Number of protein chains: 2
Amino acid sequence: MKKIVNLKKLILLATTAVLMGPSLAMPKSQFESQSESHSIEQVINRYEIALNASDTQSVMELYGKKPVFMPQHSAAQVGRTAVKKAYESVFTTIDLNIKFTIYEIEIQGNKAWARTSSAGKTIILADGVKINEGNNELFIFKKENSQWKIHRYLFSTTTPLNHNATKS
Amino acid sequence: MKKIVNLKKLILLATTAVLMGPSLAMPKSQFESQSESHSIEQVINRYEIALNASDTQSVMELYGKKPVFMPQHSAAQVGRTAVKKAYESVFTTIDLNIKFTIYEIEIQGNKAWARTSSAGKTIILADGVKINEGNNELFIFKKENSQWKIHRYLFSTTTPLNHNATKS
């Protein structure tokens, strides 16, 4: 009888663990780390949405207090004013429709980094030419007021040289 | 007389501090941090020398066990074999002569990141065309066996679009 009771207890514990989610199923530190990773994933997802909507204000809400954005074919943009101007310039030049893939996120204290790639289409607003867009990205995140913010951001094209643009 | 002795002691202490370097002049943690930063600077300096010498072996000594290198116009190269092949391909295509500028290094435990830019000249080996080279870079470093190694590396051109190449 004791064995059956123990088995029942075991099933109950296992079911509770599944129902309660990862907080019972894994050590606290691991759960916290997964939760932090998830917060950073959300920042990247919101960045994707803001880019595709050409929404400078939403982009700037994701950046921290002293950001550096490194757009291709340009010097590094240091500070919120410069970063904002750079996005405004990007959004008056091109219309992005891209999707990010997150490969890895590593968190160390109040700093983190993520490696992603993005792919999709870009329309050059001046002439309506639609081109394939593909990039690798490195994000450095910093926790400011308990929120993960983009601290440094660099992307670089993965499109082969001499890739031909196609009219849309 | 006591005052003179104290003054002598003070001069002796100050002289010792200067002679002994920063280990006496600043808190241990700050000194350690500066020493770690210096080690990372040395990795970047060695990377510059290896790039300019088209020396794949020396480049690979600076990378860690599971590196990711993201060359422009290419997918991310994951793992030492892929990274090595990518550098071999770069060095059979171009001859670099560039100088890195280090803007910031941040260390958190056994991870660190650095933001740099590089500028100089590149010769396209196929036709001898010499072009201006300029890039922004983000390095992620990882400490492996007490040595800082390149863990992730992404660069992106700062050269304006439609920049004309000039024959050397």
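No lab work stands behind these numbers, since they all come straight from the coordinates. Not measured: the values here are computed from a predicted model. Note that we place each Cβ from the backbone using ideal geometry, even for glycine, and neighbour counts take in every protein chain shown.
Points to keep in mind about this one:
- Among the listed pairs A:149/B:65; A:130/B:149; B:99/B:143, those whose Cα-Cα separation exceeds 32 Å are A:130/B:149.
- Between residue B:97 and residue A:127, the modelled labels are 3.5 nm apart [label points 7 Å from Cα along Cα→Cβ].
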